[in-house]
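Student: Got a structure for you, written out below as structure tokens; questions coming shortly.
We did not get these values from a lab; they are worked out from the coordinates using the rules stated. Computed from a prediction, not measured in an experiment: that's the story for all the values here. For neighbour counting, all protein chains shown are included, and Cβ atoms are generated from backbone atoms with ideal geometry for every residue, glycine included.
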Amino acid sequence: MAEERSIFGTYVHSEHEFVRGEGVRLFQADGSDHIDFYAGIATSSLGHAHPHLVACLKEQADKLWHLSNLYRIPGQDKLAERLCANSFADKVFFANSGAEALECAFKTARRYHYDRGEPERINILTFEGAFHGRTLAAIAAGGQEKYLEGFGPKAPGFISLPFGDEKALDAAIDDETAAILIEPIQGEGGVREVPKEFLCHLRQVCDEHGLLLILDEVQTGIGRTGKLFAYEWAGIEPDLMALAKGLGGGFPVGACLATEAAAAAMVPGTHATTFGGNPLAMAVANAVIDVVTEDGFLDHVNQMSIELAQHAAELVDTYPDLFEEMRGRGLLRGLKCRVPNTEVSAALRGAGVLVAPAGDNVVRLMPPLVVTSQDLREARQRMDEALAGLADDGGQAKRDEALQPAAKA
Ligand SMILES: *Cc1c(COP(=O)(O)O)cnc(C)c1O
């Protein structure tokens, strides 16, 4: 029975209705709980209703919600200084989302070359399997046909190259190239990690040709991989970087980080936003940074990451008919499935664990960074229950198919 709703039909969602969250758990009205390894797509980085985030949001809510960026917002200075002190960056522009943070990075990259007397340099090289959001520029950057179809001409200036292909990259660079854009780990694309050597190659190529390296750390940033930023694992630094998801712990916020040189051309009038960096968003994002930069916090993430990887690897070993391999880094892990990933995620949801499907037939395990060993063990038990059932069904289905090959058509 199709339900009539006054909402665009852009989402197909599950029948679950969560009314409350606490830590890694989500609760329905009847009190039943789910362990949340979906985390609002790696966004509820500190779990649900984190006391420090709640306190900071409430405190700010009583004082001031919104100004305009034509007034100084002290929370922006505080957050920007902290992001810069902990990264390659010298300057930050605050936005509301990942796509907007990337839009700022694209404009900044083009304006950088324009300002240096090379306005023809507008092209941004990207990689197959990428995901950069859903605005017109972001779907052009992502380059995926399924997101571009029916929305008119693809915004010019984005050239998609085979993943990790050095030769194709070197051949693609010309006088109109402005920048290279990449996710250190493709999230939506199926938790595909870019080899360290390739990231180093990109940095080198950018230096040789005067291009800007733009990293999309919307999903990988703010501790998700066990470092504050995933690029730290490769020992390189970008010129521009987009953040969002985990930065707000569930409050909408995005940020474009830049070196002094990259940001120099973004003078008054070149870019703006009404809501970006408003006092509420800054209060929450600063609270997230309080927690994530606390002594020992990333050690915790790295310890949990070892344990999550262990559980995930054991699942691959235990259910070879369901899973091919484990991928990823930190608390961004993927299981490449041999059966449809939507079946796996539905079975896990039925057993009380939320996971996120991704491209390349992968399910993502992305627990809040505050997850504990006990949470991981409990999630593993629930997963084992669901997967044992699914493996049995799968085996049965295969036997049925073998008996009645004609029934398939
Ligand atoms: C989610 C995501 C985006 C888009 O972020 P929105 O806030 O949905 O606009 C961009 N890049 C990556 C890598 C993402 O995971």
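Student: Once you have the Cα-Cα distance between W65 and E385, take 0.36 nm times their residue separation minus that, and quote the gain in nm to one decimal.
Tutor: 110.6 nm
Student: Sticking with this structure for a sec: Run the dipole for the chain about the Cα centre, Lys and Arg Cβ at +1, Asp and Glu Cβ at -1, nothing else charged, and hand back the magnitude in debye, nearest 20.
Tutor: 620 debye
Student: Length gain on complete extension for the stretch E81 to D290, per 0.36 nm per residue less the alpha carbon to alpha carbon distance?
Tutor: Between E81 and D290, full extension yields 74.0 nm more.
Student: Given that compact globular proteins tend to follow 2.2 N^0.38 Å, what is the ratio of the alpha-carbon Rg of the stretch 211-342 to that value?
Tutor: 1.29
Student: Which entries in the list K154/K227; K146/K245; K78/K167 go over 32 Å, if you measure between the two C-alpha atoms of each?
Tutor: Pairs exceeding 32 Å: K154/K227; K78/K167.
Student: Quote the FRET efficiency, to the nearest 0.05, computed for D115 versus R72 with a Förster distance R0 of 25 Å and r equal to the Cβ-Cβ distance.
Tutor: Step by step, r from the Cβ atoms, then E = 0.50.
Student: So for each of 18-25, 367-374 I average, over its residues, the number of other beta carbons within 10 Å; can you give me the resulting order with the highest mean first?
Tutor: Result, highest mean Cβ count within 10 Å first: 367-374, 18-25.
Student: OK, next. For the chain, what is the calculated [θ] at 222 nm in deg cm²/dmol (nearest 500), taking -39500 (n - 2.57) for each run of four or more DSSP H residues and dividing by its residue count?
Tutor: After summing the helix terms and dividing by residue count, I get -12000 deg cm²/dmol.
Student: Further question on the same structure: Determine the dipole magnitude for the stretch 64-292: charges of +1 sit on the beta-carbon of Lys and Arg, -1 on that of Asp and Glu, nothing else is charged, the reference point is the Cα centre, and the result goes in debye to the nearest 20.
Tutor: 800 debye
Student: Which peptide among 110-118, 237-245 comes first, and what is the full order, when sorted by highest mean count of other Cβ atoms within 10 Å?
Tutor: Sorting 110-118, 237-245 by mean packing, highest first, produces 237-245, 110-118.
Student: Using a cut-off of 10 Å between beta-carbons, work out the net charge of the residues near M266 (Lys and Arg +1, Asp and Glu -1, M266 not included).
Tutor: Spelling it out: positives minus negatives among the neighbours equals +2.
Student: Turning to a different aspect of this structure: Estimate the FRET efficiency between D170 and I306 by the formula 1/(1 + (r/R0)^6), using the beta-carbon distance for r and 22 Å for R0, to the nearest 0.05.
Tutor: Using R0 = 22 Å, I get an efficiency of 0.05.
Student: Right, next: May I have the pair-distance distribution P(r) for the chain, computed from all Cα-Cα distances with 20 Å bins from 0 and rounded to whole percent?
Tutor: Calculated over all Cα pairs of the chain, the distribution is 26, 56, 17, 1 percent.
Student: In the chain, which whole DSSP H runs stretch at least 24 Å along their own axis (Cα) and average 0.0 or higher on the Kyte-Doolittle scale?
Tutor: Qualifying helices: 297-318.
Student: Thinking of the stretch 64-292 as a set of Cα atoms, what percent of all their pairs are more than 25 Å apart?
Tutor: 36 percent
Student: Using only Cα positions of the stretch 315-364, each an equal point scatterer, no hydration layer, compute I(q)/I(0) via Debye at q = 0.19, 0.23, 0.27 Å⁻¹ and quote the log10 values to two decimals.
Tutor: -0.55, -0.81, -1.09
Student: Continuing with this model, one more query. Of A138, V288, H271, which is farthest towards the positive pole of the stretch 64-292's charge dipole, taken about the Cα centre with +1 and -1 on the beta-carbons of Lys, Arg and Asp, Glu respectively?
Tutor: Positive-most Cα among the choices belongs to V288.
Student: Taking the alpha-carbon centroid of each part, what is the distance from the stretch 176-211 to the stretch 41-114 in angstrom?
Tutor: Centre-to-centre (Cα) distance: 24 Å.
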